[in-house]
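Read the structure below first, then the notes.
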Amino acid sequence: MFDFSILLASVLNGLTSGAVYALVALGLTLIYGVLHIINFAHGAALMVAMYGVYELYNKLGIDPYIALPFMVVGMFLFGYALQRVIINRASHGKDENILLVTLGLAIVLENLALLFFKSDTRTIDTAYSLTTIAIGPAFIALPKLIAFAGALAASAILVLLVSGTDLGRAIRAVSKEKQGAKLMGIHVEHIYAMSFGIGLACLGAAACFLLPTYYVNPQVGSGFVLIAFTIVVLGGMGSFAGALIGGLLIGVVESLGGLYLGESLGPIGVFIIFIVVLLFRPQGLFGARA
């Protein structure tokens with residue numbers, strides 16, 4: 001058995017990681033909820049955002065947290081343009097085409113990253129990277145605490161945007177009934193692009209919270225998108241509450257699994273819980289029955 005302080009530190013680390021997982025999954029959930037497609041380029045877009053944070057710090061000396069508004073706006077514009085210029089035109093209104101287009105975009109973005117940045121793993125070293133904070137008997141890295149608070153704040157802003165603004169009402173109308181929204185004068189293609197842009201803006205925020213303690217390489221998005229897909233299905237397709245709770249749960253399970261089983265076997269617990277939930281509640285923890 002492990003000492004209580006070690007268990008507490010593991011749970012806290014899991015919660016901090018889980019909050020960032022939830023933020024990544026929320027972007028994926030929003031895109032699925034409105035466009036009703038799975039965005040296979042989500043992980044590659046996160047990788048692009050992380051390289052953006054890295055370059056802002058490496059070339060201009062901009063701290064990752066100071067870079068937050070720049071990355072959120074930049075990734076929103078990137079996502080909006082990507083959906084309007086490429087995905088919408090190439091799909092011709094067919095969902096299966098969108099899946100293939102986003103998969104192709106993921107491959108293109110990863111290979112462009114290989115071309116410009118090679119396969120090297122890169123990190124940044126800030127003055128606070130190794131700073132720790134005592135919480136009871138446990139110590140946790142300061143950037144992880146900032147990431148936890150920031151990810152939860154960003155998630156709350158997203159939920160308020162969708163639930164309490166005119167744009168949010170238009171997004172919900174399009175997600176429920178596209179044709180009815182059109183009849184009410186809502187520009188559906190614009191809402192699609194806005195939703196895609198907001199989904200990628202979440203990745204811009206997540207990249208800023210990740211990079212002080214994480215690394216970036218052209219394949220870094222693959223691991224995150226696998227976890228994000230798991231969270232979206234576990235929490236319930238299209239459910240914001242499910243993505244948030246599912247992300248925190250996955251983070252804690254992954255951390256405790258790594259503590260008891262080792263780093264290589266730790267993720268097994270995540271997929272065991274995933275399978276068990278789908279066996280007994282196929283619609284996910286917060287999903288509605290079809």
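All of the numbers you see were taken from the coordinates with simple rules; none came from a lab. For clarity, every value in this text was computed on a predicted model and none was experimentally measured. Note that we place each Cβ from the backbone using ideal geometry, even for glycine, and neighbour counts take in every protein chain shown.
Filtering segment 203-247 to residues that are polar (S, T, N, Q), in a helix (DSSP H, G or I) and closer than 16 Å to Ile31 by Cα leaves only Thr230.
The set of residues from segment 56-80 being exposed (fewer than 15 other Cβ atoms within 10 Å of the Cβ) and free of Cβ contacts under 8 Å to residues at least 24 places away in the same chain comprises Lys59, Leu60, Gly61, Ile66, Pro69.
Would you check if Val73 is β-branched (Val, Ile, Thr), in a helix (DSSP H, G or I), under 17 Å from the mean Cα position of the chain (by Cα) and within 29 Å of Leu234 (Cβ to Cβ)? No; evaluated as a whole, the condition is false for this residue.
Exactly one residue among Ala156, Ala181 is within 15 Å of the chain's Cα centre (by Cα) and on the phi < 0 side of the Ramachandran plot, and that residue is Ala156. Taking the listed residues Val53, Val101, the one that is buried (at least 16 other Cβ atoms within 10 Å of the Cβ), in contact (Cβ under 8 Å) with a residue 40 or more places away in the chain and not in a loop (DSSP other than H, G, I, E, B) is Val53, with no other qualifying. Considering only residues that are surrounded by fewer than 13 Cβ atoms within 10 Å (Cβ to Cβ) and either among the small types (Gly, Ala, Ser) or within 24 Å of the chain's Cα centre (by Cα) (or both), look in segment 129-140 and name the one that is farthest from Tyr215 (Cα to Cα). Here the residue is Gly136. Across segment 260-272, the number of residues qualifying as buried (at least 18 other Cβ atoms within 10 Å of the Cβ) and either assigned to a helix (DSSP H, G or I) or among the charged types (D, E, K, R) (or both) comes to 2. Return a yes/no flag: does segment 2-16 have any residue that is of a type in the set (Gly, Ala, Ser), part of a helix (DSSP H, G or I) and crowded, with 24+ Cβ neighbours inside 10 Å. No: zero hits. When Asp120, Asp125 are checked against the criterion of being in contact (Cβ under 8 Å) with a residue 12 or more places away in the chain and more than 20 Å from the chain's Cα centre (by Cα), a single residue qualifies: Asp120. With respect to the conditions (1) in a helix (DSSP H, G or I); (2) among the β-branched types (Val, Ile, Thr); (3) closer than 22 Å to Tyr215 by Cβ, Ile66 falls short on a single one, namely (1).
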